[in-house]
Amino acid sequence: MTREEKTAVIEELREKFASSPNFYVCDASGMTVAQTNNFRRMCFERGIEYRVFKNTLIKKALETSGATNDEFNTKVLKGFSGVMFAPENFKAPASLLKDFYKQSNAKMPALKGATVEASYFIGAEQLDALTMLKSKQELIGDVIGLLQSPAKNVISALKGQGGKIAGIVKTLSEREAA
């Protein structure tokens, strides 16, 4: 690979990291050709871009984009590295990996690390945490639901009690008339 080609790849990666702050780094070494093809097909079907890059190119792109973390770089960026980009849904790669593990009865490609909303997750044991993370919209919805809950309870209690009181008054007035 020539210097110009490396520079072009670094620039492309830098743009991807800048436009999609959510990415996962996986180790797919040891997978068969059929497993790799199936994994790439699943990525394509779910709108996830999966590409393999040299670790040095990934490091340089992360440094130029400003999204670098020394611990992430030293622990994650060694060996075989495939990068999964999911600009729309940061949980999509995590759920894809879990689905692929169930389908293929293998733990490959192994999650080495992920960056989600400027937070770093290092290690395959973080996969469950990544699948349970809530998006900003989900968190806002939860907060709104919690804020509305007491008001709904008060309103329903007032309506319920008001109906009982009106019924009692009506019954008492009918008894007096009779």
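What to note about this one:
- Candidates in segment 1-52 are the residues that are of a type in the set (Phe, Trp, Tyr) and in contact (Cβ under 8 Å) with a residue 60 or more places away in the chain; of these, the one that is nearest to residue 78 (Cα to Cα) is 24.
- Residue check for residue 50: modelled with pLDDT of 80 or more and within 16 Å of residue 19 (Cα to Cα): yes
- Segment 121-136: number of residues that are outside any helix (DSSP H, G or I), surrounded by 15 or more Cβ atoms within 10 Å (Cβ to Cβ) and under 12 Å from the mean Cα position of the chain (by Cα): 2
- The numbered conditions (1) in contact with a helix residue (DSSP H, G or I) (Cβ under 9 Å, 6 or more places away or on another chain); (2) in contact (Cβ under 8 Å) with a residue 24 or more places away in the chain are all true for residue 135 except (1).
- Residue within segment 74-97 that is farther than 29 Å from residue 38 by Cβ and free of Cβ contacts under 8 Å to residues at least 12 places away in the same chain present: yes
- Against the test of being closer than 19 Å to residue 5 by Cα, surrounded by fewer than 18 Cβ atoms within 10 Å (Cβ to Cβ) and not aromatic (Phe, Trp, Tyr), the options 107, 54 yield a single qualifying residue, 54.
- The residues on offer are 34, 61, and the sole one that is surrounded by 15 or more Cβ atoms within 10 Å (Cβ to Cβ), farther than 25 Å from residue 125 by Cα and over 20 Å from the mean Cα position of the chain (by Cα) is 61.
The values are calculated or read from the model by the stated rules, or taken from the named source; none is laboratory data. Bear in mind that the values here come from a model prediction, so they are computed numbers and not experimental data. No Cβ is skipped: glycine too gets one built from the backbone with ideal geometry, and neighbour counts run over all protein chains shown.
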